[in-house]
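Notes follow once the structure below has been shown.
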Amino acid sequence: MRLSPSTVFAAVTCTLVPVALFMVFVYVPTEADQGIVQRIFYFHVPCAWAAFMGFGLSAIAGGLYLFFAQQLWDDIGYAAAEVGMLFCTLVLITGSLWAKPIWGTWWTWDSRLTTTFILWLLYSGYLMLRVIGEDSEQVARLAAVVAIIAVLDIPLIVISVRLWRTIHPAVLITRSGEHGLEDPRMVQTLLVSMVAVTLLYAWLFWLRLKTLRVKSRIYQLRQTLASAQVTEDATS
Amino acid sequence: MNIALAEALNLSVMFGLRSVLAEVNLRLERGHLALITGANGAGKSTLVHALCGLIGPSAGQVRMFGQDVRRLQAQDRRRVGVMLHRSMLYRNLTPRENLEFYAKLNGCERASEDAARWLERMGLSAVGDQRARELSRGMEQRLAIARALIGEPELILFDEPFASLDPQGTALVVDLLQERLARGAAVLVTSHETVALKDAEMESYRLNSGRLLPAGAEANRRIVWRWMLS
Amino acid sequence: MLAGLRFLLHKDLTLERRGGRVVLELCVLSLLVLVVLAIAYGPEAGGRPASAAGALWVALILSGLPAASLAVAAEHENDCIKGLRLSPLEPSTIYVAKVAGVGLSMAVSEAALLLLLVLFFNLQFDTNLLRLIPILLLGALGLAALSTLLGTTTSRLRAGEMLLALLAAPLYVPELIAGIKASTAVLGGSGLTAVLLPLKILAACDLLFVTCGYLLFEYLAP
């Protein structure tokens with residue numbers, strides 16, 4: 001039996017996600033200051049990573065699409081942004097759930113939150129363009145340009161938002177330069193979670209890409225059919 | 001001297017799922033006129049757009065001066081004169097300013113003299129300083145033709161140049177084209193009717209829902225003479 | 001390139017002088033936004049630099065995006081943009097000229113905007129207003145560069161103006177934040193040091209948008 005890549009992705013992801021869940025809920029010790037709420041951190045950080053990865057991938061695919069004008073790159077860019085958007089939404093939701101008991105509010109205009117939210121807005125614009133604009137080459141090109149500028153714009157958004165104060169915890173790299181996870185089991189859990197979410201991202205991305213590829217292929221076949229019919233009409 | 005200034009090689013264009021041009025092969029040579037006739041929607045305008053590189057082919061290629069039209073150098077773009085269905089004129093500039101602007105775009109040294117000369121030639125001197133929006137359709141067409149020719153192009157692609165022109169206007173444009181053909185320009189003209197050009201090497205084609213078919217030079221000449229005699 | 005820029009810009013300015021609507025649209029729309037915000041803030045907003053700076057930048061972005069659409073759409077009338085694309089000019093030259101034209105229109109309307117701001121928000125006519133000028137010019141340049149680039153495609157789409165706003169506004173956020181910070185500081189009478197970082201962000205954004213437009217415009221023009 002030949003295994004398709006998506007089956008492999010699915011199998012590995014379906015094994016690793018329960019492992020990660022087990023580690024998050026059972027294996028890892030509860031953090032002393034924040035208590036049980038802190039466990040959401042092991043979803044929050046990997047989701048943020050997946051969101052950034054998706055948007056980066058979308059921008060790279062956009063550049064390649066502009067350069068080579070191949071439908072494949074457009075499909076990759078679209079799929080990457082769409083799945084990235086999903087994880088960006090999860091980052092905002094998990095962050096909000098954590099913030100309510102810890103900060104006493106669902107949302108605050110903190111720099112890190114604002115940056116992420118603007119990122120979310122950027123890609124909601126991108127997806128709106130894909131939905132409202134027709135399936136045309138010019139829309140695909142504009143989407144590619146937007147993805148490229150957006151990724152380049154992110155550092156500037158980060159710096160500009162820093163003009164405001166931040167209360168977001170700096171866990172991964174603290175001011176002293178070390179990570180703030182005191183227990184080695186916390187590091188292990190975070191790493192496993194990262195890998196699990198990355199795989200989940202890859203799997204979803206793959207499924208989405210496959211759909212888009214099939215769509216492109218169908219469109220291409222219909223085009224061939226249409227041009228064949230014209231040839232027939234003209235010669236008969 | 002049969003050097004093709006422009007050629008379409010198996011050119012196909014699709015708009016979405018609609019095939020507009022299918023495997024068109026065409027050579028435009030110095031001193032030759034290619035006349036493309038066809039009904040509305042046969043793909044005449046698309047052919048002109050694709051030839052000048054405004055529409056990318058879905059298959060095949062357009063070569064101009066020996067290179068891919070989409071990678072045409074700036075100095076070669078100057079050698080092409082294109083007239084499309086819409087006039088490309090700025091409605092709030094005067095005809096004189098429009099011509100001067102496009103002359104400068106094409107790098108003419110003496111733009112204002114050129115503009116004045118073309119206004120004179122097209123019989124537009126009297127309206128040269130009104131706004132272009134106030135021109136009648138026929139005058140606008142004359143101005144659009146002058147706009148396309150002001151850079152003295154070697155390759156001329158005209159989409160329906162005779163539309164909305166009066167008989168004098170038609171005769172004027174025929175004269176202009178013949179003058180350029182005699183100087184070795186290659187000309188492509190689309191029209192929904194046959195036109196009269198004498199003493200010119202003319203190939204006549206018919207576009208039929210995206211397919212380019214030779215209309216037969218002899219048959220066409222007969223039509224031309226009949227048209228001129230009538 | 002410079003010669004091309006000169007007569008493209010000359011053409012745009014002539015058109016704007018003769019019944020162009022870009023400056024008019026900018027002035028009227030920003031007046032409207034200022035009035036709405038002044039009403040929303042209430043009388044106590046008078047003399048508060050933060051409110052005035054916020055209103056200023058909201059007026060700039062809300063009037064600037066449709067204005068850029070309008071300026072780009074003018075080039076599509078009679079398919080003039082095709083004439084430009086067929087000419088020997090490089091696409092990047094066409095882009096830079098259009099940005100200069102739109103930016104200049106924004107700069108003119110900003111002068112009017114500043115005057116209205118002083119009246120509505122009860123500010124002082126003093127040298128602080130002069131210090132706002134470079135900040136506003138940087139902001140206008142970035143907005144013009146971004147909206148001209150994206151507007152080239154969106155003006156050919158259904159619901160194009162809305163899409164332009166959806167795409168351009170989040171990208172413009174760093175300029176918006178930095179601009180508001182810098183304007184607040186300047187109106188509050190702070191020194192150069194408080195304005196330096198925001199100014200750097202504004203300049204960096206302008207550089208980014210103009211460079212991206214310069215390089216990517218040819219993929220978006222028809």
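The values are calculated or read from the model by the stated rules, or taken from the named source; none is laboratory data. All values derive from a computational prediction rather than experimental measurement. Here Cβ is always computed from backbone atoms with ideal geometry, including for glycine, and neighbour counts include all displayed protein chains. Each accessible area value is taken on the protein alone, full model and side chains, heavy atoms only, with ligands, DNA and RNA left out. Shrake-Rupley method; radii C 1.70, N 1.55, O 1.52, S 1.80 Å.
The figures follow:
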{"read-out": "Separation of alpha-carbon centers, region C:74-130 and region A:23-91, rounded to whole Å", "value": "38"}
{"read-out": "Inter-part distance where region A:97-152 and region A:186-215 are each reduced to a Cα centre, Å", "value": "20"}
{"read-out": "Share, in percent, of DSSP beta bridges within chain B that are antiparallel, nearest 5", "value": "50"}
{"read-out": "Cα Rg, Dmax (largest Cα-Cα span) when computed across region C:2-220, Å", "value": "17.4, 57"}
{"read-out": "Acute angle (nearest 10 degrees) that the helix C:2-17 long axis makes with the longest principal axis of chain C, alpha-carbon atoms", "value": "70"}
{"read-out": "Order by protection proxy (mean Cβ within 10 Å, highest first), peptides A:45-53, A:9-17", "value": "A:45-53, A:9-17"}
{"read-out": "Accessible surface buried once C binds A (1.4 Å probe; total of both sides; Å²)", "value": "2700"}
{"read-out": "Under 18 Å from residue C:200, Cα to Cα: aspartates and glutamates that are on another chain or at least 8 residues apart", "value": "A:153, C:175"}
{"read-out": "Residue mean of other protein chain beta carbons inside 10 Å, A:136-143", "value": "5"}
{"read-out": "Partner chain coverage, peptide B:15-22 - average Cβ within 10 angstrom", "value": "5"}
{"read-out": "Whole-angstrom Cα spans of region A:5-235 along principal axes, big to small", "value": "81, 43, 28"}
{"read-out": "HN-Hα J in Hz across region C:80-90 - Karplus 6.51, -1.76, 1.60, θ = phi - 60°, x for Gly and Pro", "value": "4, 4, 5, x, 5, 5, 7, 6, x, 5, 6"}
{"read-out": "Lys/Arg +1, Asp/Glu -1 at C-beta; region A:5-235 dipole; positive extreme among A:209, A:32, A:198", "value": "A:32"}
{"read-out": "Protection proxy ranking, peptides A:113-125, C:93-105, average beta carbon neighbours within 10 Å, highest first", "value": "C:93-105, A:113-125"}
{"read-out": "Shape category assigned to region A:1-84 from the gyration tensor of Cα positions, a/c cut at 1.5", "value": "oblate"}
{"read-out": "Distance between region B:91-144 and region C:168-191 - C-alpha centres, whole angstrom", "value": "46"}
{"read-out": "With every protein chain in place, the protein assembly as shown: carbon and sulfur % of accessible area (1.4 Å)", "value": "62"}
{"read-out": "Residue-by-residue Karplus 3J(HN,Hα) for region B:70-75, coefficients 6.51, -1.76, 1.60, Hz, glycine and proline x", "value": "7, 10, 5, 6, 4, 5"}
{"read-out": "Under-5 Å amide H pairs with residue B:91, H placed in peptide plane, nonlocal only", "value": "none"}
{"read-out": "Cα-centre dipole for chain C with unit charges at Cβ (Lys and Arg positive, Asp and Glu negative), debye to 20", "value": "120"}
{"read-out": "Estimated buried accessible area (total), pair B and C, 1.4 Å, Å² to nearest 100", "value": "2300"}
{"read-out": "Per residue accessible area of the protein assembly as shown, 1.4 Å probe, in Å²", "value": "44"}
{"read-out": "Cut-off under 5 Å, modelled amide H: who pairs with residue B:56 long-range", "value": "none"}
{"read-out": "Mean Cβ count within 10 Å, highest first, over the residues of peptides B:112-120, B:90-98", "value": "B:90-98, B:112-120"}
{"read-out": "Per-residue average of Cβ from other chains inside 10 Å of A:112-119", "value": "2"}
{"read-out": "With Cα atoms, 0 to 90° folded angle of helix A:41-68 axis to chain A main axis", "value": "30"}
{"read-out": "Using alpha-carbon coordinates, inclination of helix A:71-103 to the longest axis of chain A, degrees", "value": "20"}
